[in-house]
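The values are calculated or read from the model by the stated rules, or taken from the named source; none is laboratory data. All figures in this text were calculated on a predicted structure; none of them were measured in a lab. Because the Cβ atoms are built from the backbone with ideal geometry, glycine has one as well, and the counts that use them run over all protein chains shown. Heads up: the accessible areas ignore ligands, DNA and RNA and are worked out on the full protein's heavy atoms, side chains in. Shrake-Rupley method; radii C 1.70, N 1.55, O 1.52, S 1.80 Å.
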Amino acid sequence: MKAVRLHEYHTRPSVDELPEPKVSGPLDVLVRIGAAGLCRTDLHIYEGQWEPLTHPQLPFTLGHENAGWVEDVGSAVSNVAVGDTVILHPHITCGLCRYCRAGDDMHCVASSFPGVDGTDGGMADYLLTGARAVVKLDPSLQPADVAALADAGLTAYHAVRKAVPALYPGTSCVVIGAGGLGHIGIQVLKALSATTVIVVDRNPEALEVAKEIGADHGVVADGSQIDKVKELTGGDGAEVVLDFVGEMGAEKDAWQMTRRAGSHYVIGYGGKVEVPTIEIISTERNIIGNIVGTYNDLAELMALAAQGKVTLHTKPYPLEAANDAIDDLDGGRLPGARAILIPS
């Protein structure tokens, strides 16, 4: 089979020929990949940012946003069958640790993270995963429709789901970044809350897409964005700020856009949040970290997708054109859209 493999950091991945993976364990699920999303995290992996966290053994196959069709299953698998259309939670979890038993499976102490930690991911013809990672899709959904929701969508949904109790009618929520994660977050906000959604992005085209999918206001990040957000929120800032960028100054803007007793959600990463402690205690503002969501979050997100309340703006590429997709993502040529790789 073909697979997009990272051999060295800061060196373009290559499309290699590999043996097809085989089911060997009772809970194994082999998936024929229908689509694999390309995420900014893939760029950070390529740059070596994840090496201190996961210490992956190179080379390995990229791809942690995956959907497709069940090709084979282990003897103990009962939740899916051969031929089912599925989306995959990005973590393969144990089901036995305290985090798994509490439903916080993304914090599993014995998990693997295909496409990130050295475990082979889904930018390939086939991916071997576990039964606990597989969500059966509604017949109305196809892999290319939802693959990028497996991480970008799941991460956005998880953050919004946590923030919803604070987003009662009359509140405001700022979304920084209207790209791959942000445009999903906007839709989830509109589906789950009655808050006023203010979107901040440096790309006017991305802001137009944001308004088309439900944003109430668009603010161009041209240096005046903090003042404009303050104007839209009565001078106080928003109850919730969702920072889907997390670098290049967005992480500093987010804090300044958050009102007293509000919450600054850090979702994107790459920068540093540096806040004087006196500002935290004197205003009781919160800084909340977010990683990928739970299995149940993914199942709920798929329900919204099946209802047509969350849709992806995508640009497909053949698997062999992975580096073209990487260049377009890195060059900012995918405003409000997700790149997806389609095996031939």
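The table below lists the values:
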read-out: Dipole of segment 190-315 [Lys/Arg +1, Asp/Glu -1 at C-beta], most positive-end residue of ILE213, THR311, LEU242; value: THR311
read-out: Amide hydrogen neighbours beyond the local backbone of LYS315, cut-off 5 Å, H modeled; value: ARG338, ALA339, ILE340
read-out: On Cα atoms only, tilt of 152-163 relative to the major axis of the chain in degrees; value: 40 degrees
read-out: Gap separating the Cα centres of segment 97-160 and segment 307-344, nearest whole Å; value: 18 Å
read-out: Range of Cα positions in segment 239-338 per principal axis (Å), largest first; value: 52, 33, 20
read-out: Two-site FRET efficiency, ILE287 against LYS230, from Cβ-Cβ distance with R₀ of 25 Å, rounded to 0.05; value: 0.80
read-out: Apportionment of accessible area to carbon and sulfur, the chain, percent (1.4 Å); value: 50 percent
read-out: Segment 206-309: trypsin sites (Lys or Arg not before Pro) falling in loop per DSSP and having at most 14 other Cβ within 10 Å; value: LYS272
read-out: Heavy-atom accessible area per residue - the chain, 1.4 Å, Å²; value: 42 Å²
read-out: Summed side-chain charge close to GLU247 - residues other than GLU247 whose Cβ falls under 15 Å, Lys, Arg +1, Asp, Glu -1; value: -3
read-out: Kirkwood Rh in Å, taken over the chain so that all alpha-carbon pairs contribute; value: 20.3 Å
read-out: Debye, to nearest 20: dipole size of segment 1-100, +1 on Lys, Arg Cβ, -1 on Asp, Glu Cβ; value: 160 debye
read-out: Nearest-ten-degree value, helix 182-192 long axis tilted from longest Cα axis of the chain; value: 80 degrees
read-out: Paramagnetic label zone (point 7 Å from Cα along Cα-to-C-beta, LYS252; backbone N under 19 Å) in segment 264-282; value: 264-280
read-out: Nonlocal amide H pairs with GLY34, under 5 Å, H built at 1.01 Å; value: ALA67, GLY68, TRP69
read-out: Gaussian network model of the chain, Cα within-10 Å springs - most flexible of THR129, THR277, THR233; value: THR277
read-out: Segment 209-276: GluC sites (Glu not before Pro) falling in loop per DSSP and having at most 12 other Cβ within 10 Å; value: GLU274
read-out: Relative packing of peptides 20-33, 187-200 - highest average C-beta neighbours within 10 Å first; value: 187-200, 20-33
read-out: GNM flexibility winner over the chain from VAL86, VAL219, VAL240 (Cα, springs under 10 Å); value: VAL219
read-out: Residue pairs, from the table LYS2/LYS309; LYS136/LYS309; LYS190/LYS228; LYS22/LYS136; LYS211/LYS309, whose Cα atoms sit over 24 Å apart; value: LYS2/LYS309
read-out: The chain, relative contact order [Cα under 8 Å, separation at least 6], %; value: 19 percent
read-out: Karplus-derived HN-Hα couplings along segment 134-144 (A = 6.51, B = -1.76, C = 1.60, θ = phi - 60°), whole Hz, x at Gly and Pro; value: 9, 10, 6, 8, 4, x, 6, 9, 10, x, 5
read-out: For ASN286, distant residues with modelled amide H under 5 Å away; value: GLY262, SER263, HIS264
read-out: Highest-MSF residue in the chain out of GLY122, GLY170, GLY268 [GNM, Cα springs under 10 Å]; value: GLY170
